[in-house]
Structures are given as structure tokens and as C-alpha cells.
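To start, the structure under review is shown below, and the notes come after it.
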Amino acid sequence: MKKILSAYLFVGFILLFSAGLLLNAQAASGIEKTVPGSVSKLAYNQSGNTEEIRIYTSKTTILRNFVLEPNSDCKNYRIGIEIADAVIHQNGAFDVNQGSVYQIRYANKKNPQAASIVVETTKKPDYTITPSGDGKYLLVVLKGGVSNQPSPSPAPSPAPAPATNQTVPVTNTGGNTSVGTVSKNGAISLSMQGDTCLVKFEGINLNSPFGSTGKIPSVELRQKERILQITLPGKDSRINDGIITGNNVVYGILINYNQKLNSTIIRIVYDDAITYTQEVSGGSTVLKIKQSSTGISGSTGSTGSTGGTSSPAPSPSPSPAPSPTPAPSSDNEPSRGSSSNRGGTINIQAGDGEDVVLKITGANIVGKYRQYADKIISENDSARNSYAFMFPAELIDLGQGSININSAVVSTVTTLTTPSNSFLQLHKKDASKGFSIVEGSSANELLVVARSLSEDSPGASVGNPSSSAKGKLVVLDAGHGGSDPGAEFSGLLEKTFNLDITLKTEAILKQKGVNVKLTRSNDVFVGLEERADLANKWGADLFISIHNNSMPAGMKGSMSFYYPTSYKGKTYAKIILDDLYNRLNMGAMGSNGLKGADFVVLRKTKMPAVLVEVACMSHPDDLNLLRSESFRQRVAESLADSIIKILNQM
């Protein structure tokens, strides 16, 4: 998995926790939930046999309201309420488990713009909706919901995060902004001028060399992540790591110094599409940001000194907004929260072994992972002894809350969701551990697996392809398949391991910008000559066939084969084998692991070709390795690194 070190993940957690967005405020009279947007709060109360839900918003026009009957997806009734012109910046849910109300969910809806509220009840609701006399909220009254009505056991709410000043070292300037809003951090300030958001870099010319580095800052619009990123080479002592809370145009500004890159990274996070102008005057730069009237983000130009870089995305990537519909389908309402012992987290559960820490589930999530894997950001925070992932919203919604894992390596995990991303933070017991995302046993499952942080060292990481290497084509061939299972031991099939490693290798190479084609991407039979013909037809520059071995008793380890007269075949086979030996300790075969062979896929391919036998399924030690998701991921990383080395030599 591609690693982009960024304190954005941890600052993102700080932002939401410090704003109290993860907490249900429970008072003696009921439950309240703070919501970001023009719907500011949801409150539940009981009075006798009557239950009240207050939706705090100045928008009191109801587009429609309806009741969904129980069905196979949801055993309870659901009241759907759509409030015209109201906005919710962050979809979510909270458990009530009092009276007849089980849960309340909320989401943003567009075309037309509306806030969507769903109240899930354990009995058929008899309700009314009226605006309050002062116009500050909508009042939903459920009649006769308390008496003689069993309710589920109350769900524990996540414990309030302790307040801390050291994690957000920025200045609160007060004013008319919301609680926790900050408008200035050293040389960087944020303000509004009419409908325009102004981000000022005092004494910093984004179009000229910065500080003593001699390098020009960069401005990059990353539309899929909905981030306008400014990278300042080096470190400015006036700027602290921290947060500047946003306004109606931008969600907020996240600032951190990245020591490995020796750069200060400023990420301006937004929800709806934006346009921006970059102006330089008197040695300072102002970014003028507005909501886009066309729905397409981009730069509208710059004034002042020239030389800066600006990379607007070519097309928008709007995020779908869930909303309830009269059809009795849970797919069209705000995502339902998970079981009560997991607070507000969704689509995630504890793993089932020492290697597998967590399972992330969702419809076709493996397919989405292959599409968005290069957008996942991960980072280890040794100071807080935690590890975090940031996922694009298109991949998964993890909700917000905490889960107690209490495994050998992880104590708890915390999730939160913003309009652009889902965050996953793992609180470690073992400081030496890092984590990787790997594909699970089905199309609907990803696994978070533990690994050693030593694998992040420069010698073990996957290298980067040169520009010429990115222009070459690699064909990966997963051995066997369909009616041809390959080797079989203890009910485990070689074809399954071959395909899994191949798909993992493909994902890594694509993250790195390498062109890849597969002879098979699922469990189908492909003939040997057909595999070679496909590679020849595609004009491949390199062919790698991935297998696992069956050998006489006592033999184990990796092997690599080449066609005896192949140009560079032996050289490339040795690169692959040496990496498996050195990185994964698979060198039991020694010098016997490298061999010439007259295999069809080696003989009939017109480009350099290698057939690699990763491990011996016939040996119990190797078979146990292959059972491990983390081992297969490390194999894929080794193969990908070897392939990039080969491409860089071509």
C-alpha cells in the first residue's frame, strides 16, 4: 500500500473530538446529538407516554415525511423526514434505545437540497411534526410510545475524549465563529469576505523560492479527496501543527510539518466544488476560494508574481448523499449504525486472529479498494502510540465511535467520517507494529493485518518506477485456475493462493503508476498457450507467472524459472528470487532455487518472462505461511518491488 506520511489523519481526529462531534450528550431529561450544518442538533426526550424529538434548524419547510414498514433489511419502523434547503455536513447516527425509539440517523441530500432524518422505532409510530413557535426547531411528537413497550438494552456511548491543549497549538480568536473555531495559525489566517473565503499566507510568496530551500511551494487541487493542498518546502517557525476551523466555504485547514519530506503541508478541506484565485501582493499570498457555480472545481487564475504551480483536476467527483425514499429499502436511507457495543461505528468488526486485527466490510469493497487503493493514506504516530488510515469517502463509510479490541497488538480503534474521508485510528499495545490493508476472503471484505514497522524501512519498501518504466506493460499470470486447481494440500488449493498474490501485486503496481494486465482476474481456466498468446497480443514488456510449488518431502522455499535462451530471462529471474530470499527468508533452496525450464509460458512469450514458485505447499512450514494474509501481502510487495527494479533497468 502506498504510504503518504501525513499528520492529517491525527489532526482530523483531534478536530472532531475537540469539537465534540463524536459524543452523545446525555442529560437527565434525554439525549442530544450535535450535528454539523444548518441542522445543528438533534434532541430526544420523554414525557409520560409521549416522546419528543427536536430537530434544531431554522429551515422548517418539510419536503415530505413518510413511514417505512419493517422488512428483511430492518425489523423496525422508520419515520422519514426531509427538510427543504437544510444542510448536513457529516452523515451519522446515534442510538437512543429509550421508549419506542431505537436510533436516529441523519444525512445530506441533494437535487433538491435537503436534510434527511430517519427515526427508527420499535412500534408503528403515531406522530406529528410542527415548527416551534420561535422557529428554532421542528418538533416531532410520538404518542403512546413509552407504555407497555419493551426497549433494547441501552447502548454504551463512547467515553468523552479528555480535553487537551497541547494537541491543537493554534490561537482561538473568538468572534462570531462556532465553538473551537480558530482563524489564525502563525503566518496563515482564514477569513470571509462576502461569499469568498480568504486564506492568507503572511510574508509567504507561493510563486517564489521559500526560505533557505531554494524550492518553490506547490499548490495542488486534489478533487477526489476534496483537498486544496499547499506544500511549503522546509519548516517555517511561525507555523505550528494544528487546525484552523472552517466556514461556509471550506471544512477546515489542517497543518503539519512532515519531517521525512522536510515540508510544511497545508490541506484546505472542502465539501462542495470550489474555485480559487491565487494573488500575490507585498510578499504575501492570498487564496480566494468560492463555491463553484458549475459544480466543477478548479483554479480561475492568479495575479502577482509568476512561477507557482497549480494543478486543477479535470473533472468533478461528487459524493453521493444517501436519503430515505418511500420504497422499503434500507439502501436509500442514512446508513444504519452498528450493534450497540460498537457505538456509532459501521462496516467494521474485530478480526479473528493475531494477524487479522480488523475486518472492514461492504458491498464489493474489494473492487472499490482496487480502484481507490492509491488514495489511502496511512501513518504511524510513535508519540501517541497509534496508527491511522484515511480512506476516501467513495471507498467506505466507517461512521464514528470506538470499538474495544483488546488483542495482543491493539487495545481500541476509533473511527470518524467527514464528507470527504473516513478515518480509522488504531491504539496500539505493541509499539513495534504497523498495519496494512489486504483483500479478504470475499469480494465484500478487507482485512487490517498487523506487521512489523521494520518493514517500512527504505530497504524493504517498494521502490518507485522511472518515467520510462511507467510506459511499459507488465502481464501478471496467476497460475492454474478454474478446473485446474494446481497443487492441493489440507484442502487448500494452489490456484487460490496464486490469484490472491497476483491481485495484490497488481494493486501495488497500479498504485505506483505501472501498466498491468492479467491473464485471469478470477477463478477461470485459461490454457497455457492462450496465456502466452495474450501477452504477445498485448505487446507486453515483461511476463511474470505466479505459482506455488509441490516438492519432495523436506524441501521448502522459493524458486524462480526462466527460458534458457531468453534475453535477460535469467537476470530478471534472479532479481525476483533474491528479493524473496532476502525480504521473506525464503532461501531454503539456495542456489538450486534458480533454474532454466522449458515451460510453455516461458518458451512461447516474446518478451522476457519469469515463472516464480513462491513457496512449497507440500511443506507444512511454507503452507502455514501461505495461510497468512500478511505473508501473502509481503510476497506481493516483494514481487512488485522486483518488477519495478526490472522495469527501471529496461
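The values are calculated or read from the model by the stated rules, or taken from the named source; none is laboratory data. These numbers come from a predicted model, not from an experiment. In this analysis, Cβ positions are derived from the backbone assuming ideal geometry, glycine residues included, and neighbour counts consider all displayed protein chains. These area figures cover heavy atoms from the full protein model, side chains too; ligands, DNA and RNA do not enter into them. Shrake-Rupley method; radii C 1.70, N 1.55, O 1.52, S 1.80 Å.
Here are the numbers:
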| read-out | value |
| --- | --- |
| Whole-Hz couplings from phi, Karplus 6.51/-1.76/1.60, listed for the range 122-138; x for Gly and Pro | 8, 9, 4, x, 10, 9, 9, 10, 9, x, 5, x, 8, x, 8, 7, 9 |
| Contour minus Cα-Cα distance for residue 187 and residue 530 (0.36 nm per residue) | 117.3 nm |
| Theoretical FRET efficiency, 1/(1+(r/R0)^6), r = Cβ-Cβ of residue 361 and residue 453, R0 41 Å, to 0.05 | 0.95 |
| Sites residue 238 and residue 350, calculated FRET efficiency, Cβ-Cβ separation with R0 35 Å, nearest 0.05 | 0.20 |
| Amide H within-cut-off set for residue 271, under 5 Å, with H built and near neighbours excluded | 251 |
| Proportion of all alpha-carbon pairs of the range 355-453 beyond 22 Å (%) | 23 |
| Simple label model, 7 Å out from Cα along Cβ direction - residue 128 to residue 281, nm | 5.7 |
| Largest to smallest accessible area among 475, 67 [probe 1.4 Å] | 67, 475 |
| Area accessible to solvent at residue 480, 1.4 Å probe radius, in Å² | 40 |
| Difference of contour (0.36 nm per residue) and Cα-Cα distance, residue 66 to residue 517 | 157.4 nm |
| Rotationally averaged projected area of the range 572-621 (alpha carbon convex hull; nm²) | 4.0 |
| Average accessible surface area per residue within the range 229-272, 1.4 Å rolling probe, Å² | 36 |
| Accessible surface of residue 534 - all protein chains present, 1.4 Å probe, nearest 10 Å² | 40 |
| Inter-centroid distance (Cα atoms) of the range 211-250 relative to the range 513-569, Å | 45 |
| Full-stretch length increase - residue 412, residue 464 - with 0.36 nm per residue and alpha-carbon distance subtracted | 15.3 nm |
| 18 Å cut-off, amide nitrogen to a point 7 angstrom out along residue 58 Cα→Cβ, residues in the range 89-125 | 89, 114-115 |
| Other-chain or far-sequence residues with amide H under 5 Å of residue 514's (modelled H) | none |
| Mean projected area in nm² (Cα convex hull; one quarter of hull surface) for the range 403-501 | 10.8 |
| Ranking by accessible area, most exposed first, for 472, 215 with a 1.4 Å probe | 215, 472 |
| Heavy-atom accessible area per residue - the range 443-562, 1.4 Å, Å² | 39 |
| Label-to-label distance, nm, for residues given as residue 139 and residue 195 (7 Å Cα→Cβ offset) | 3.6 |
| Relative intensity, log₁₀ I(q)/I(0), of the range 200-300 from a Debye sum that treats every alpha carbon as a point, q = 0.10, 0.18, 0.19 Å⁻¹ | -0.27, -0.87, -0.96 |
| Tail weight of P(r) past 19 Å, computed on alpha-carbon pairs of the range 505-614, percent | 48 |
| Qualifying GluC sites (Glu not before Pro) in the range 502-532, DSSP loop, other Cβ atoms within 10 Å at most 12 | none |
